[in-house]
Amino acid sequence: MRSNTKWFTDAKFGMIIHWGLYSILAGSWKGKEAPRTCEWIMRNMRISLDEYRPLAQQFCPTQFDAREYVRKAKKWGMKYIVVTTKHHDGFCLFDTKVSDYNVMNTPYGKDIIKEFADACAEEGMVFCVYYSQMQDWEDPNGDGNDWDFDKKDKDFRKYFYGKCIPQVKELLTNYGKIGLIWFDTPYDMPVELCRELRDVVKELQPECLINGRIGYNLGDFRNMADNCIPHDPYAGAWESPMTLNTSWGYCEYDNHWAEPSEVITRLSGIASKGGNLLLNIGPDADGVIPEPSVKIMDEVGKWMEKNGESLYGTSTFPTFPYDASWGNMTYNAEEKKLYLHVLRYPVITPKISSIGLKTRIKKAYLLATGEPVKFSQTYEQAREEERLAVTLPAECPDPVDTVVVLELEGDIQVQKLNEGCYAENN
Ligand code: JFZ
């Protein structure tokens, strides 16, 4: 049985935090830059355990304050936070009895995951954990490290029952209510082990959701490929992860930052197909959120404060016969509100139109200001098409995404293309 995903599908926007020993390296090893995403530096540069493990003795994020993260996430409009408790490198940010390779044995010496869990509980934020269930480059039997350990000597079940399962039990026992557990890179993990992992989670916390990367469609929701939005609306719960630059882990020289407008556009684009955006933050070794990330997200937060209503609680709705030339739509079924996200503001006549909405509109206004907008709904007899025209203010109110609210008289109903004059059997 799948757990209830309502809180998740209503949430629409979450934060994932990639933080660990790789954050200390910040993308470079012995003067060379990591070839790809920086949390993979150990594997991609084949750093031996003898050289990588001692980084734990440098882990001392003196600026770290979990509450600040949670408050920022709230201010930015996010509803849940996922923290890497153990990424592929095997280092644990939590107090684990299963492995010494953890935060308690660093100069910092405090359980980071507990600090996040407590801060979330205090601030009313849903707390979630990321756990790399298959790859573990520190464990001789974990997957992925074939430069320190010989592949043929590996016994994956030994790692699975000796470390993975006990640690997942710790996470689900010692940190209060966990909103969801985010597994990753299941590769060729045998299906029976994935099922066991799922059962362990559900036994300890039946309400805890599991992401799709547990494998074999055993999750409660699906993860789309990083930074991808599905073309068609996807009926089940889903989430798309996204980075603000090109790395999940902190990278000091990566300046390919996204524009705030990209994040906002993606948010409404994902919500219009029924999904969530999971946005990454990669703190540095001191525990500080990179300045560019804060700047981008403060802008996103300003938009969310005024327009978040157009996303939270929305779900998929019948597809319109044509994509809108001006942007996309989200729909709140409970409130019977259709939100028009105007991403491309009409330059000459400030009018946007759409074909196919059958339901009558009661009221139309700008979400950010409440200012009413004029609209007309007409039915074109000969072409059998429902037409909607909305007149926007002459000046564009929001160059990124101007949201128009249409309060509908009933549940949304949409024409299908083949109901009109193009139907084959007409
Ligand atoms: C994985 C991790 O390897 C990576 O370090 C990071 O944690 C990210 C969130 O997840 O990388 C993936 C996994 C799956 C896809 C892309 C990157 N995918 O399906 O496109």
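What follows draws every value from the coordinates through simple rules; no lab data is involved. Every value quoted in this text rests on a predicted model; they were computed, and no experiment measured them. Don't worry about glycine lacking a Cβ; one is built from the backbone with ideal geometry, like all the others, and counts go over all protein chains shown.
The dipole here belongs to the range 100-160: it is taken about the Cα centre, uses +1 on the Cβ of Lys and Arg and -1 on the Cβ of Asp and Glu, and is about 200 debye. Springs join every pair of Cα atoms under 10 Å in this Gaussian network model of the chain, and among Ala26, Ala117, Ala225 the largest mean-square fluctuation is at Ala225. Computed from the C-alpha gyration tensor, the three semi-axes of the ellipsoid equivalent to the chain are 44, 23, 19 Å, from longest to shortest. When Rg and the Kirkwood radius Rh are both evaluated on Cα atoms of the range 185-344, their ratio Rg/Rh stands at 1.01. Computed over the range 332-426, the convex hull of the alpha-carbon atoms projects to a mean area of 7.0 nm².
Note on the chain: dipole from Cβ charges, positive end direction compared against Tyr101, Ser353, Tyr161; the farthest Cα belongs to Ser353. Farthest towards the positive end of the charge dipole of the chain, among the residues Ala324, Tyr365, Gly301, is the Cα of Tyr365, using unit charges on the Cβ of Lys, Arg, Asp and Glu. When the alpha-carbon atoms of the range 122-232 are used, the pair Rg, Dmax equals 15.0, 48 angstrom.
Structure remark: mean-square fluctuation, Gaussian network model of the chain, C-alpha springs under 10 Å; the largest value among Met189, Met15, Met297 belongs to Met189.
Would you calculate, for the chain, the mean residue ellipticity at 222 nm contributed by helices, counting each DSSP H stretch of 4 or more residues as -39,500 (n - 2.57) and dividing by all residues, to the nearest 500?
Per the formula, -6500 deg cm²/dmol.
Taking the Cα centre of the range 116-270 as origin and assigning +1 to Lys and Arg Cβ atoms and -1 to Asp and Glu Cβ atoms, the resulting dipole is close to 520 debye. The GNM of the chain, with springs linking C-alpha atoms under 10 angstrom apart, assigns the highest mean-square fluctuation among Ala235, Ala368, Ala66 to Ala235. Restriction of the trypsin sites (Lys or Arg not before Pro) in the range 172-213 to DSSP coil positions whose beta-carbon has at most 15 other beta-carbons within 10 angstrom yields Lys177. Relative to the 2.2 N^0.38 Å rule of thumb, the range 57-120 has a C-alpha radius of gyration ratio of 1.18.
In a reduced charge model with +1 at each Lys and Arg Cβ and -1 at each Asp and Glu Cβ, the range 9-54 shows a dipole moment near 160 debye about its Cα centre. Placing unit charges on each Cβ (+1 for Lys and Arg, -1 for Asp and Glu) gives the chain a dipole about its Cα centre, and among Tyr52, Cys228, Tyr379 the Cα reaching farthest toward its positive end belongs to Tyr379. Backbone amide hydrogens, once placed in the peptide plane, bring Ala368 within less than 5 Å of Val403, excluding anything fewer than 5 places away on its chain.
Taking every DSSP beta bridge that has both residues in the chain, what percent is antiparallel when rounded to the nearest 5? Expressed as a percentage, antiparallel bridges in the chain total about 55. Along its principal axes, the range 64-181 has C-alpha extents of 49, 29, 24 angstrom, given from the largest down.
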